[in-house]
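The values are calculated or read from the model by the stated rules, or taken from the named source; none is laboratory data. All of these numbers come straight from a predicted model, not from anything done at the bench. When we count neighbours, we look across all protein chains shown, and the Cβ atoms used for this are built from the backbone with ideal geometry, even at glycine. These accessible areas exclude ligands, DNA and RNA; they are computed on the full protein's heavy atoms, side chains included. Shrake-Rupley method; radii C 1.70, N 1.55, O 1.52, S 1.80 Å.
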Amino acid sequence: MILALPVVGHAQEATVSGTVTDVTGGVLPGVTVQAVHEASGNSFEGVTDERGDYRLPVRVGAYRLTADLPGFATIARTLTLLAGQTAVVKLQMSVSGLQETV
């Protein structure tokens, strides 16, 4: 029975990973990617690396995934993760409207 405990601890885990790019296909490092569990409100957050990649270990359930980077429009996706699933979610960000003050 003791040997079964580590397996039970991992039974509710899933992973969200992917790459964040701009509209030209260029990778975007430094993007804050956040997954919010819709039922509990728990938040999981990461930042893209120099290749624009991110990886978030999360729990199973429905999530709202957002990506934010200054100068770009925030994007959001929804997804549902099952136990042991690795979801690959590629995100594409567009430049936000520019405001200029003189």
Practice problem: State all residues of the range 60-90 that are hydroxyl-bearing (Ser, Thr, Tyr) and under 12 Å from VAL31 (Cβ atoms); if no residue qualifies, say none. | Solution: THR66, THR74
Exercise. Could you list, in sequence order, all residues of the range 47-63 that are farther than 19 Å from GLN12 by Cβ, open to solvent by 30 Å² or more (accessible area, probe 1.4 Å) and part of a strand (DSSP E or B)?
Key: VAL47, ASP53
Quiz prompt | Options VAL16, VAL31: the member that is in contact (Cβ under 8 Å) with a residue 12 or more places away in the chain, open to solvent by less than 40 Å² (accessible area, probe 1.4 Å) and in contact with an Asp or Glu (Cβ under 8 Å, 6 or more places away or on another chain) | solution = VAL31
Quiz item: Hey, any hits in the range 95-102 for a residue that's modelled with pLDDT of 95 or more, open to solvent by 40 Å² or more (accessible area, probe 1.4 Å) and assigned to a loop (DSSP other than H, G, I, E, B)?
Solution: no
Exercise. Give just the number: which of (1) open to solvent by 50 Å² or more (accessible area, probe 1.4 Å); (2) of a type outside the set (Phe, Trp, Tyr); (3) modelled with pLDDT under 95 does GLY9 not satisfy?
Key: (1)
Quiz item: Of the residues that make up the range 73-81, is at least one of a type in the set (Ser, Thr, Tyr), open to solvent by 40 Å² or more (accessible area, probe 1.4 Å) and under 16 Å from VAL95 (Cα atoms)?
Solution: yes
